[in-house]
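The values are calculated or read from the model by the stated rules, or taken from the named source; none is laboratory data. Owing to the predicted nature of the structure, the values given are computational and were not obtained by experimental measurement. When we count neighbours, we look across all protein chains shown, and the Cβ atoms used for this are built from the backbone with ideal geometry, even at glycine.
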Amino acid sequence: MRILIVEDERKTADYLHKGLTESGFVADAAYNGDDGLHLALTEDYDLVVLDVTLPGRDGWSVLGSLRRAGRQTPVLFLTARDTVLERVKGLELGADDYLVKPFAFSELLARVRSILRRGPHRQPETLRVADLELDLPRHRASRGGQRIDLTPKEFALVSLLARRKGEVLSRTLLAELVWEMHFDSDTNVVDVAVRRLRAKVDDAFEPKLIRTVRGVGYVLDDT
């Protein structure tokens, strides 16, 4: 398995190169976006570990250029930039995972192996659950062909639920991923947001898609 590391911090790049090599991978490194894109387009890699902030073209541009060129090489973003909007942007551009610095190498290695087991794929631009449709690049939602106006947080919430259709997501996880907060049991921000989302997505439609699993969290599915 060949992995390309695109990272401008030499110490971090060397650390990743050493760790991945010791773990049985063949690893190459590039220290700016232009060299990284050139290698990703001209060589055959099983995975690209890509920083966002790079000299020359940034990681967003590298990933966008790869996908436009038809290259579906899996990409793991590794970056200190960890806002919800940036994580969503990376996934919508076609990244496979997003790991925030500082990180434990054991976690990075687990994520690398998980991505490689899945094989190359591209994140969809549109998510559909029953007659609910989410246009990710345009941040548009509709149900039964009827446009639904959602706030950015509501769209992030329903997108997360739709990406993990059928999986019960805890309030703690939703609070961390959508609101970037450590969950406080006295805070009902998640419950309030879900009620507002249901009013827009479910109240006027059948079947109801958002379910509460008492004592656990919320799930979106069409069963």
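Here are some notes:
Residue-wise test of (1) without any contact (Cβ under 8 Å) to a residue 60 or more places away in the chain; (2) over 17 Å from I115 (Cβ atoms); (3) not assigned by TED's automatic domain parsing to the domain that holds K101.
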| site | (1), (2), (3) |
| --- | --- |
| K11 | yes, yes, no |
| Y15 | no, yes, no |
| L37 | yes, yes, no |
| Y45 | yes, no, no |
| T53 | yes, yes, no |
| R57 | yes, yes, no |
| G64 | yes, yes, no |
| Q72 | yes, no, no |
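- Number of the condition not met by L160 [criteria: (1) of a type in the set (A, V, I, L, M); (2) in the same structural domain as K200 (by TED's automatic domain parsing); (3) at pLDDT 90 or above]: (3)
- Subset of the stretch 192-211 [more than 23 Å from the chain's Cα centre (by Cα), under 21 Å from E167 (Cβ atoms) and either modelled with pLDDT under 95 or part of a loop (DSSP other than H, G, I, E, B) (or both)]: D202, P207, K208
- Selected residue (criterion: modelled with the highest pLDDT) from residues of the stretch 77-127 that are within 23 Å of R138 (Cβ to Cβ) and aliphatic (A, V, I, L, M): L127
- Those residues of the stretch 13-47 which are of a type in the set (S, T, Y), crowded, with 17+ Cβ neighbours inside 10 Å and within 19 Å of T79 (Cα to Cα), in sequence order: Y31
- Members of the stretch 64-76 that are under 15 Å from A95 (Cβ atoms) and either part of a loop (DSSP other than H, G, I, E, B) or modelled with pLDDT of 90 or more (or both): R71, Q72, T73, P74, V75, L76
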